[in-house]
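Inspection log for the structure reproduced underneath, given as structure tokens.
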Amino acid sequence: MEFVIKISQFLLSLSLLIILHEFGHFIPAKAFKTRVEKFYLFFDVKFSLFKKKIGDTVYGIGWLPLGGYVKISGMIDESMDTEQMAQEPQPWEFRSKPAWQRLIIMLGGVTVNFILAICIYIGMSYYYGDKFLPNDNIKDGLLIESTVANKAGLFTGDKVIAVDDSKIKTFSEITEKVLFGKKITIERNGTQSTITFPEDFLSQLIDSKERGIIDLRIPFAIVEVPDSSQNKNSGIKKGDIIIGLNDYKTKYADEVKSALEKLKGQQVKATILRDKKETTLPLTINNDGKLGLVYAASSTPETLEALGYYKFETKEYGFFESFPVGLNKAYEKVDSYITQFKAIFTPSTGAYKGVGGFKAIYDIFPDFWNWQVFWSITAFLSIMLGVLNLLPIPALDGGHVMFLLYEMISGRKPGDKFMEYAQMVGFVILIALVLFANGNDIFKAIFN
């Protein structure tokens, strides 16, 4: 069932993005009286799952879910229809239109991608508002169990104040900024200092196969007392929170684990928080430093707030207030993705090792249905699709835009033969990138 939920979200999001992107090309093409021969969701290699001709356009669904396309008459694109290009240009063809009209048609797809992301962020801001944890409200620092982060100088209990001189305002922005930052300003035991990350920090993190580097410190809350536990008759029960072991104060789970290492093989007096009241119980720690209890690996904001660990804030926006908020969120995501992109194309960072394909995108979606999460992911993927399509690779929209700008500036149109060769080179580059990204997915699935 979890697979069905994840794959449904993946296909719905992908289909929505593809259809709207292609409509971005289709609408201006029609507006400029340019014939669109095909409009396809997914690729129809050899055959289609569905197709219907309406007017001059065949609308269909292909069987290969790697994207989609519109075939515009008189345009050198993925169809490589050289036979059509050998004939005399017709007034309804793409190549017969003024350069400015062709530029608008080519930019239509990515324009829709960015507009879609902005609209989603505006809608989410209005409907859901924002619930966030201000960085100032993280009083006892962060949970940092990554050995790579520890080696770089970050430890549990540290508070991240700024990254590359940019002040951290909320918890949600810390991980992303730290991953792609160089100079990290921290506060440790009331004293501020600066850590400089190695250039290959991302490479080290990817090679370590560690999942995440920064999280919130949470309480050691019991979720199960197994029958096999040495403490099954101690009186401890589900919902209890261990806040002390002998003389060790253990407000957080990481402090409990640290104390257990020091108290191996001992019977201890545990201070328990139950229904917001403190009590003491005798607990036995085995020789491996374990209590034989199952504790929560994560906690919801509501639970953490109710227990008094963190104070979250909620902002609600009116209809008109949501517009600048949504625009700002979209801008920040674009800026963030471009930063990630720069890191990927800087070999010394090793960020390219983390590039993923369709499996990586599929894994982003949760195994439960949540519309807020779905729309948030879809907005980010829309930005990702827009940025990727602007790359100056001939097989992508950005490649066509590059040649059109050259034509508009120089007054000279690249020849059809040159465009055909450029398109073939672009396809080779694009296929190589797709193989690399999806090859990374396969490699991780086998060796991780």
Checklist entry - Is it the case that the stretch 320-327 has a residue that's part of a loop (DSSP other than H, G, I, E, B), touching a helix residue (DSSP H, G or I) at 6+ places or on another chain (Cβ under 7 Å) and touching a residue at least 40 places away in the same chain (Cβ under 8 Å)? => result no
Next on the checklist: I'm trying to understand the selection: among the residues of the stretch 339-359, which are open to solvent by less than 60 Å² (accessible area, probe 1.4 Å), among the hydroxyl-bearing types (Ser, Thr, Tyr) and outside any loop (DSSP other than H, G, I, E, B)?
Outcome noted: 339, 348, 349
Checklist entry - Among the residues of the stretch 48-57, is any at pLDDT 90 or above and open to solvent by less than 50 Å² (accessible area, probe 1.4 Å)? => result yes
Item to check | Every pair of residues 6+ apart whose Cβ atoms lie under 8 Å, when the first sits in the stretch 330-344 and is more than 13 Å from residue 176 (Cα to Cα) while the second is among the aliphatic types (A, V, I, L, M) and at pLDDT below 85 | outcome: 344/351; 344/355
Checklist entry - Out of the residues in the stretch 394-412 that are without any contact (Cβ under 8 Å) to a residue 40 or more places away in the chain and in a loop (DSSP other than H, G, I, E, B), which is surrounded by the most Cβ atoms within 10 Å (Cβ to Cβ)? => result 394
Item to check | Positions within the stretch 85-124 being among the basic types (Lys, Arg), over 18 Å from residue 398 (Cβ atoms) and crowded, with 22+ Cβ neighbours inside 10 Å, in sequence order | outcome: 97
Checklist outcome for this item: Being open to solvent by less than 40 Å² (accessible area, probe 1.4 Å) and over 28 Å from residue 147 (Cβ atoms) narrows 242, 213, 218, 236 down to just 236
Next on the checklist: If I ask for residues that are crowded, with 16+ Cβ neighbours inside 10 Å, hydroxyl-bearing (Ser, Thr, Tyr) and at pLDDT below 90, which ones from the stretch 294-336 would you list?
Outcome noted: 299, 336
Next on the checklist: Suppose we filter the stretch 300-320 for residues that are within 19 Å of residue 238 (Cβ to Cβ) and out of contact with any Pro (no Cβ under 7 Å at 6 or more places or on another chain); how many remain?
Outcome noted: 5
Next on the checklist: Looking at the stretch 165-179 only, could you name the residues that are surrounded by 13 or more Cβ atoms within 10 Å (Cβ to Cβ) and either among the β-branched types (Val, Ile, Thr) or without any contact (Cβ under 8 Å) to a residue 12 or more places away in the chain (or both)?
Outcome noted: 168, 170, 173, 174, 175, 178
Next on the checklist: Residues that are open to solvent by less than 40 Å² (accessible area, probe 1.4 Å), of a type in the set (Lys, Arg), closer than 27 Å to residue 135 by Cβ and touching a residue at least 40 places away in the same chain (Cβ under 8 Å): does the stretch 180-191 have at least one?
Outcome noted: no
Checklist entry - What's the number of the condition residue 314 fails, among (1) outside any loop (DSSP other than H, G, I, E, B); (2) farther than 30 Å from residue 66 by Cα; (3) free of Cβ contacts under 8 Å to residues at least 24 places away in the same chain? => result (3)
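Please find, within the stretch 125-135, the residue that is most open to solvent (accessible area, probe 1.4 Å) out of those that are of a type in the set (Phe, Trp, Tyr) and not in a loop (DSSP other than H, G, I, E, B).
Per the criteria, the residue is 127.
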Checklist outcome for this item: Considering the stretch 141-155, residues that are of a type outside the set (A, V, I, L, M) and within 28 Å of residue 373 (Cβ to Cβ), and then whichever is most open to solvent (accessible area, probe 1.4 Å), we arrive at 145
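Here's the yes/no breakdown for (1) farther than 27 Å from residue 257 by Cα; (2) out of contact with any Leu (no Cβ under 7 Å at 6 or more places or on another chain); (3) not hydrophobic (A, V, I, L, M, F, W, C):
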{"site": "144", "(1), (2), (3)": "no, no, no"}
{"site": "155", "(1), (2), (3)": "no, yes, no"}
{"site": "158", "(1), (2), (3)": "no, no, yes"}
{"site": "172", "(1), (2), (3)": "no, yes, yes"}
{"site": "179", "(1), (2), (3)": "no, no, no"}
{"site": "183", "(1), (2), (3)": "yes, yes, yes"}
{"site": "204", "(1), (2), (3)": "no, yes, yes"}
{"site": "207", "(1), (2), (3)": "no, yes, yes"}
Checklist entry - Is it the case that some residue within the stretch 383-395 is among the small types (Gly, Ala, Ser), touching a Leu at 6+ places or on another chain (Cβ under 7 Å) and at pLDDT below 90? => result yes
Item to check | Boolean, residue 228 is more than 18 Å from residue 155 (Cβ to Cβ), hydroxyl-bearing (Ser, Thr, Tyr) and exposed (fewer than 15 other Cβ atoms within 10 Å of the Cβ) | outcome: yes
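The values are calculated or read from the model by the stated rules, or taken from the named source; none is laboratory data. In this text the structure is predicted, and so the values were computed from the model without any measurement. Neighbour counts are summed over all protein chains in view; Cβ atoms, including those assigned to glycine, are modelled from backbone coordinates with ideal geometry. For the accessible areas, the whole protein counts, side chains as well, though only heavy atoms, and no ligand, DNA or RNA atoms are used. Shrake-Rupley method; radii C 1.70, N 1.55, O 1.52, S 1.80 Å.
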